[in-house]
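This report concerns only the one structure given below.
Nothing in this text is a laboratory measurement; each read-out follows from the coordinates by a stated rule. The shown structure was predicted, so the numbers you read here are calculated from the model rather than taken from an experiment. We place every Cβ from the backbone using ideal geometry, glycine too, and count neighbours over all the protein chains shown.
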Amino acid sequence: MGLAMRTAGVLFLFLLVNLLPYQTESVAVMSVDLGCEWLKIAIVKPGVPMEIVLNKESRRKTPIAVTLKENERLFGDTAVGNAAKNPKLTFRFFQDLLGKLADNPQVVTFQKNFPEYTIVKDELRGTVLFKLSEGVTYSPEEILGMMLNYSRSLAEEFAEQTIKDAVITVPAFLNQAERRAVLHGGKLAGLKVLQLLNENTAVALNYGVFRRKDINSTAQNVMFYDMGSRSTTCTIVTYQTVKTKDSGMQPQLQIRGVGFDRTLGGLEIDLRLRDHLAKLFNEQKKSKKDVRENPRAMVKLLKEANRVKTILSANNDHMAQIEGLMDDIDFKAKVTRQDLEELCADIFARVPIPVQKALSSSEMNMDEIDQVIIVGGATRVPKVQEQLLKAVGKEELGKNINADEAAAMGAVYQAAALSKAFKVKPFVVRDAAIYPIQVEFTREAEEEGVKSIKHNKRVLFQRLAQYPQRKVITFNRYTDDFEFDINYGDLGFLDAEDLRVFGSRNLTTVKLGGVGESFQKNSDYESKGIKAHFNMDESGILSLDRVESVFETVLEEKSEQESTLTKLGNTISSLFGGGSSTTDNKENATDTVQEEEEVPSEPTKEEQEVSEPAEPQGGDTGASKAEDKKEDGKNEEKEETKDTKEKSESTKDTETKKTPEEEPKKPAVSKKQKIVDEIGALQTIKDIPNISEEEEKKSIKKLQELTERDIEKHEHEKSANSLEAFIFETQDKLEQEEFIKVSTEQQREEISTKLRQVSGWLEEDGYQASTKELKEKLSELKKACKSLFFKVEERRKWPDRLSALDSLLNHSTIFLNTWKNETLAEQAKLPDTEKPVLLSKDIEQKLGALDREVQYLLNKAKFAKPKPKQKNNTTKSENGENIPDTKETVTTPKTESEKEKASDPEPAKEPPVEEEKILELAGSETGSQTEQPSEEKPKTEL
């Protein structure tokens with residue numbers, strides 16, 4: 001028992017030490033479904049798995065809108081409400097500008113649709129800026145950072161803890177520059193972006209997680225048609241179970257095909273209807289001015305257009321009306337569903353195109369699609385569903401998924417999976433990159449005595465290549481410094497408009513330095529080429545990890561047997577002997593990274609120049625080599641054991657002195673030695689330049705100052721409101737009977753005078769005073785009213801306290817009765833205006849003391865046992881004394897629990913102390929008695 005207790009104590013301390021540091025850390029994670037018009041936020045925290053965050057208006061989605069006034073910022077619904085008053089300062093739909101140069105057609109379209117904004121060119125990067133006033137500008141990334149920071153504040157308030165980790169959803173068609181822009185916005189918001197998850201993948205993950213039991217080894221193909229506010233994406237997803245290395249058979253989703261339309265969405269319908277309403281207002285000729293030139297009126301019309309569109313989804317006609325649209329002129333006009341469908345006929349005709357593109361990219365047909373599911377708010381328009389139903393040729397469209405929240409819920413599940421604080425059931429996600437990426441380079445070539453410049457291309461990532469993924473490409477015919485380009489591959493699957501909006505097809509130019517020096521230094525070795533290692537991470541961002549020059553030579557290994565210590569020394573020296581030479585094991589560790597996949601070589605003449613490193617196959621893998629060496633080591637140890645005495649005497653020639661009968665000589669074995677030199681790589685970004693570190697610090701500081709200003713303003717308003725509320729409430733209390741009863745007229749007049757003085761100060765100068773002054777004024781008033789409030793509060797507490805005391809005294813009138821009567825008598829002698837001697841805290845103290853005493857007596861009487869009585873049966877001892885017969889001893893009656901134990905021949909054993917402690921700690925950490933995984937941080941199972 002003692003050993004078990006000590007073991008349990010050690011285990012308890014071990015768990016305590018490992019758990020305590022994380023109990024105060026933030027473990028909640030969040031997702032942000034970043035649409036064009038709305039954002040949805042979801043969180044996961046211990047005890048709250050996958051919940052949508054409500055905003056301050058208790059709504060489950062929040063408009064993406066930011067109002068930037070001189071002294072405050074407004075977000076969400078408040079900003080939208082302010083848009084009609086300050087259209088130039090309220091920014092919406094700005095996501096179209098992320099990762100775009102100033103001359104991009106999408107920027108031009110944005111200015112046409114929203115002329116109220118002043119947009120200027122950023123001379124440093126060539127992108128755009130919103131100009132508020134002279135010298136005050138904000139980039140789209142900064143506006144996005146503000147909105148994401150606001151989302152974080154909503155999530156933290158909902159979760160009641162700090163949140164740093166987030167997964168953000170983005171449209172699948174975003175290119176590299178656009179994805180970097182979103183990541184930059186997340187960084188400005190102070191978020192650690194775990195992943196940029198494609199919206200279509202998030203929706204597919206949400207669908208699969210809740211239908212895990214329906215997924216089996218038979219492939220199921222599901223098409224998701226997602227039409228949101230700004231764009232449409234059609235995705236074909238294959239679900240089936242696969243065998244994983246760590247978790248066995250698990251469900252998997254694989255993106256098979258994607259088709260999209262960047263501008264097909266509900267916003268385009270709203271803009272068409274807005275312009276139609278503006279035309280109807282002008283035709284009514286109630287004003288000589290053109291309503292389209294009035295920014296405030298156009299904002300009102302856009303809001304009304306959205307409302308009318310929503311109502312026409314369920315009704316055939318509706319009356320659009322706005323009070324005081326312009327110059328105090330009201331607007332009213334009837335709009336029918338037929339009018340809307342005629343206005344947007346060309347828009348609805350584009351509905352089937354993403355379906356066709358998705359099928360084409362996946363090389364599938366509709367017969368292979370098991371189900372079509374619609375997602376996104378714009379799919380609620382009847383004409384959209386009608387067109388889609390014709391395009392897919394199905395009997396019905398699947399609507400068994402939350403069109404608004406599916407992406408946010410799928411993204412927060414992924415956030416929990418990426419976080420170390422939660423344990424989720426595995427769900428394999430194989431996402432796909434829409435755009436192919438290739439490496440391009442030039443070299444001199446000579447054919448039939450004629451020199452020429454050859455332009456070579458090698459595909460790095462094919463269209464719809466899975467990611468995250470690492471790849472290596474090898475340049476074989478360069479012995480001096482050179483450069484290569486990383487560009488997008490064949491984009492022929494995009495139409496002309498998409499190509500214009502896409503931007504630069506060139507990504508990065510890489511200049512290598514130190515190649516010639518490396519070849520000169522290693523001239524005695526055989527070159528294995530210049531290897532460039534690439535990585536496309538979980539967010540779909542491509543990066544060049546490193547560039548290396550690799551050399552190799554063949555060494556003859558001596559046939560003499562080496563001792564185990566010698567082998568060990570060589571191994572250690574190869575591991576720690578510097579960066580010049582490595583062994584075979586080193587080759588696999590530095591050159592062919594396990595996660596990296598090799599670029600398939602093309603059967604062309606240039607194949608020898610830019611070939612991909614051959615991955616070890618069959619028995620030539622790094623694992624098999626390690627096993628062979630391990631077996632050699634075992635054999636050497638056995639042989640060394642046989643000849644321990646011989647080797648201890650002399651280590652020089654014992655091996656050579658052995659006869660063939662003792663140990664046959666092994667043949668000489670060739671051994672490869674590899675040298676890896678790091679090559680300098682200077683990268684120049686060609687699409688959209690990254691923001692400099694200095695400019696990034698300025699942006700972060702600017703947003704932090706705005707946040708601090710908002711917090712200060714909030715505190716100032718809160719303090720002013722608290723002071724104002726206290727004045728009005730106290731003035732009202734002075735007229736109430738219970739306050740009049742315990743105070744003199746003079747006392748009330750003194751308090752009332754102070755209240756009037758502070759109220760007058762507040763109206764004249766108080767609202768411009770500092771937060772500190774407002775808090776000091778409130779503190780002074782509370783101090784002046786403290787005695788009055790105390791007397792009233794005491795009398796309010798008396799009835800309940802005295803009733804409780806009387807109830808207890810009924811059980812024992814001898815306790816405290818005297819004290820009660822005497823204190824009540826003394827209190828009766830005092831006028832109500834004096835400080836009372838009968839205090840509620842004294843009553844509570846007496847009440848507590850009495851309760852403790854009574855409970856003590858009751859417990860003592862309950863558990864006290866009388867001594868066992870003996871019968872008269874006795875026996876004689878050897879010396880003649882009477883000895884009681886123990887078999888006839890009469891004991892006290894047993895309790896019910898004792899009777900049960902006595903009747904049970906084998907009472908159940910208690911669980912070991914160690915198990916109790918583990919369960920107790922695990923349950924307290926997560927809020928339920930779930931088993932904790934053996935990891936550093938406590939995990940909550942979803």
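Structure notes:
- Put a plus charge on the Cβ of each Lys and Arg, a minus charge on the Cβ of each Asp and Glu, and nothing anywhere else: the dipole of segment 695-858 about its Cα centre is then about 440 debye.
- Amide H within-cut-off set for F482, under 5 Å, with H built and near neighbours excluded: L512
- For a label point 7 Å along the Cα-to-beta-carbon line of R307, residues of segment 314-357 with backbone N under 15 Å: 318-326, 330-335
- Gyration tensor verdict on segment 674-816 (Cα atoms; rounded if a/c is under 1.5, prolate if a/b is larger than b/c, oblate otherwise): oblate
- Applying 0.36 nm per residue to the separation of N402 and S58 and subtracting their alpha-carbon distance, the gain on full extension is 122.0 nm.
- Calculated SAXS-style log₁₀ I(q)/I(0) at q = 0.12, 0.14, 0.19, 0.25 Å⁻¹ - segment 266-349, Debye, Cα scatterers: -0.32, -0.43, -0.78, -1.26
- Neighbour-limited loop hits for trypsin sites (Lys or Arg not before Pro), segment 422-465 (at most 12 other Cβ within 10 Å; DSSP other than H, G, I, E, B): none
- In this simple spin-label approximation, N71 and Q240 carry label points 7 Å from Cα along the Cα→Cβ vector, and these lie 6.6 nm apart.
- Kirkwood Rh in Å, taken over all unlike Cα pairs in segment 118-188: 13.9 Å
- Whole-number percent relative contact order across segment 695-858, with pairs defined as alpha carbons under 8 Å at least 6 apart: 25 percent
- Relative contact order of segment 213-315, defined on C-alpha pairs under 8 angstrom at six or more residues apart (%): 21 percent
- Rg/Rg_ref, segment 81-154, where Rg_ref = 2.2 N^0.38 Å and atoms are Cα: 1.10
- The label-point distance for L830 and L124, in a model that sets each label 7 Å from Cα toward Cβ, rounds to 7.0 nm.
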